[in-house]
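What follows is one structure encoded as structure tokens, with my remarks underneath.
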Amino acid sequence: MEKSEQDPDRYETISIESKIREGVFHKVVKDLENGKAVSCSCKCWSKGNKPCFGMKSIGI
Ligand SMILES: [Zn+2]
């Protein structure tokens, strides 16, 4: 009877290394249904809600 908030078949997490900081990765969540990035682990997104390099390279 459990209902999951995020369907694992619908989203995929992709790690993209930052070009500015070595060893820093964007963990971009991609919606597999439309192929677009929906969120990211980095500060650009979590603080400013701005699509970052990682999200842009996947598609927004
Ligand atoms: Zn990012």
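One line per residue, one yes/no per condition, for (1) more than 11 Å from the ligand (Cβ to nearest atom); (2) in contact with a Cys (Cβ under 7 Å, 6 or more places away or on another chain):
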| residue | (1), (2) |
| --- | --- |
| S15 | no, no |
| V28 | no, yes |
| D31 | yes, no |
| K36 | yes, no |
| C40 | no, yes |
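For the range 12-24, give me the residue count where each residue is loosely packed, with under 15 Cβ neighbours inside 10 Å and not in a loop (DSSP other than H, G, I, E, B). Adding up the residues that qualify gives 4. Please determine, by comparing only the residues of the range 44-60 that are surrounded by 14 or more Cβ atoms within 10 Å (Cβ to Cβ) and small (G, A, S), which one is nearest to the chain's Cα centre (by Cα). Applying the filter and picking the extreme gives G54.
Coordinate-derived values only; no laboratory data. None of the values given here were measured: they were computed from a predicted structure. Here Cβ is always computed from backbone atoms with ideal geometry, including for glycine, and neighbour counts include all displayed protein chains.
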